[in-house]
Amino acid sequence: QNYTNLTKFENTDILFITKSYKCCIVLNKLGYNAIAPHCESLFLSPWELDYLSTIFPYIIILYDNDHTGIKKSNMFLNEFGGDNISNSTLLSMFIPEGLTYTNPYTNISSKAKDSSDVVDGYNYNTLDNIILDFLNEHNI
């Protein structure tokens, strides 16, 4: 999802692979390129990842900070990371623990587990700071 918007944003070195189209739009608004497989349990094919690695030096998996998201992110990182991807650095990132948001429809507070939760519970600046901290930590 969101392949038609690739390379339209100012940050051309980084591609986020996220779990949903909604998270892609949130990241696009901050100036980042982002795509999403059709569900969190799927990933890109090896040829897709290889092609994207010729465009983006850094590819960051940003799945949910929950059991499934962490498990799948680590699985894909182990399968495709390191020497298995030719031209890019593949990393995994999660929304930090301790952030919460209140669902406007149910008025129930929950753990913020993805980028759209952070924007819903805080704002775009908070999410951008989380991303910039991660990028600085990895010298990107």
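The values are calculated or read from the model by the stated rules, or taken from the named source; none is laboratory data. From a predicted model like this one, the values you see are computed outputs, not experimental measurements. Cβ sites come from the backbone with ideal geometry, for glycine too, and all protein chains shown count toward neighbours. These accessible areas exclude ligands, DNA and RNA; they are computed on the full protein's heavy atoms, side chains included. Shrake-Rupley method; radii C 1.70, N 1.55, O 1.52, S 1.80 Å.
For region 1-106, GluC sites (Glu not before Pro) are listed when DSSP marks them as loop and at most 13 other Cβ atoms sit within 10 Å of their Cβ; the list is Glu10, Glu97.
Dipole of the chain (Lys/Arg Cβ +1, Asp/Glu Cβ -1, origin at the Cα centre): which of Asn103, Phe43, Ile140 lies farthest to the positive side? It is Asn103. What's the long-distance tail for region 93-135, i.e. % of Cα pairs beyond 16 Å? Result: 30 percent of Cα pairs exceed 16 Å.
On average, how much accessible surface per residue is there in region 1-120, in Å², for a 1.4 Å probe, leaving out ligands, DNA and RNA?
Working: 6040 Å² over 120 residues.
I get 50 Å² per residue for this part.
Report, in debye and to the nearest 20, how large the dipole of the chain comes out about its Cα centre when Lys and Arg carry +1 and Asp and Glu carry -1 on their Cβ. Magnitude of the dipole: close to 320 debye. Here the accessible area is traced with a 1.4 Å probe on the protein chains. For the chain, carbon and sulfur cover 49 percent of it.
For the chain, the equivalent ellipsoid derived from the Cα gyration tensor has semi-axes of 24, 16, 14 Å, listed largest first.
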